[in-house]
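Undergrad: Attaching a single structure in structure tokens format; questions to follow.
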């Protein structure tokens with residue numbers, strides 16, 4: 001009947017991108033030094049194949065959602081989406097250092113993915129008309145497992161500050177062989193979007209936890225924090241709030257005092 005199985009795996013590896021020669025460092029890295037508020041770069045690790053798995057629309061949607069999450073944090077000054085073109089020709093920390101200098105960045109958030117698709121196909125998944133009616137062969141079953149991962153990298157120390165991930169596992173979906181290519185592409189993007197949504201939720205939590213690490217530095221914390229001129233980790237805005245409250249109360253008191261009738 002022409003029935004067989006296939007496994008399609010598409011992925012972009014963070015480790016392979018950071019260490020293209022396959023040699024991970026054996027010496028201790030230097031401790032990260034962060035200058036707050038941070039200037040953040042955001043990019044997809046490009047797929048080395050000629051055809052991309054995730055559609056450009058889906059990629060842009062994810063990056064814009066991630067950007068909005070970073071922009072809500074007080075310790076982030078700006079976040080810049082980096083075109084994939086800058087990461088396609090070369091890899092490694094040397095490439096990230098060039099991008100960091102070009103865009104005046106402090107850290108870079110890299111998005112990678114891994115998707116495994118199992119399919120059981122029947123080449124005769126068509127409907128044949130006979131004298132007793134239509135005879136239908138079973139179509140193609142798909143089972144897709146997807147992982148989306150975001151890692152925030154401090155380029156100078158070559159350290160990963162924090163990560164957030166999302167996963168998706170689909171149920172089997174049977175389609176006719178004539179439509180299996182389109183169904184395959186649609187299923188891929190659908191599962192990417194589900195994994196992205198979960199990654200987005202986990203990113204919000206990771207950003208909050210990282211903020212607490214910066215505010216409540218533990219004894220074993222290896223991140224050194226410096227403040228740019230005019231920024232002190234939120235204390236300036238808090239003092240300004242107290243000053244405004246005090247000024248408002250003072251004016252209210254003066255107004256009541258002026259309206260007290262003379263005896």
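The values are calculated or read from the model by the stated rules, or taken from the named source; none is laboratory data. Computed from a prediction, not measured in an experiment: that's the story for all the values here. All Cβ positions, even for glycine, are placed from backbone atoms using ideal geometry, and neighbour counts span all protein chains on display.
Undergrad: How about the range 150-166: which of its residues are touching a residue at least 60 places away in the same chain (Cβ under 8 Å) and crowded, with 21+ Cβ neighbours inside 10 Å? Full working, then the answer.
TA: In the first step, residues of the range 150-166 are kept if they are touching a residue at least 60 places away in the same chain (Cβ under 8 Å); the result is 150-159, 161.
150, 152, 153, 154, 155, listed by residue number.
Undergrad: Right, here's the next one. Test residue 80 against the criterion of being within 16 Å of the chain's Cα centre (by Cα) and surrounded by fewer than 17 Cβ atoms within 10 Å (Cβ to Cβ), and give yes or no.
TA: yes
Undergrad: Just wondering, is there one or more residues in the range 197-205 that are farther than 18 Å from residue 162 by Cβ, in a helix (DSSP H, G or I) and at pLDDT 65 or above?
TA: yes
Undergrad: Look through 62, 34, 42 and report the one residue that is assigned by TED's automatic domain parsing to the domain that holds residue 115, under 22 Å from residue 116 (Cα atoms) and either outside any loop (DSSP other than H, G, I, E, B) or touching a residue at least 60 places away in the same chain (Cβ under 8 Å) (or both). Outline the logic, then answer.
TA: Working: 34 fails: under 22 Å from residue 116 (Cα atoms); 42 fails: under 22 Å from residue 116 (Cα atoms).
Testing whether each residue is assigned by TED's automatic domain parsing to the domain that holds residue 115, under 22 Å from residue 116 (Cα atoms) and either outside any loop (DSSP other than H, G, I, E, B) or touching a residue at least 60 places away in the same chain (Cβ under 8 Å) (or both) leaves just 62.
Undergrad: Here is a follow-up. List pairs: first in the range 199-212 and under 16 Å from residue 63 (Cβ atoms), second in a helix (DSSP H, G or I), Cβ under 6 Å, 6+ apart or cross-chain?
TA: Hits for this filter: 200/65; 203/69; 204/69.
Undergrad: Looking at residue 66, is it under 15 Å from residue 151 (Cβ atoms) and in contact with a helix residue (DSSP H, G or I) (Cβ under 7 Å, 6 or more places away or on another chain)?
TA: Yes.
Undergrad: Here are 45, 54: which of them is crowded, with 18+ Cβ neighbours inside 10 Å, modelled with pLDDT under 85 and under 19 Å from the mean Cα position of the chain (by Cα)?
TA: From the options 45, 54, the qualifying one is 54.
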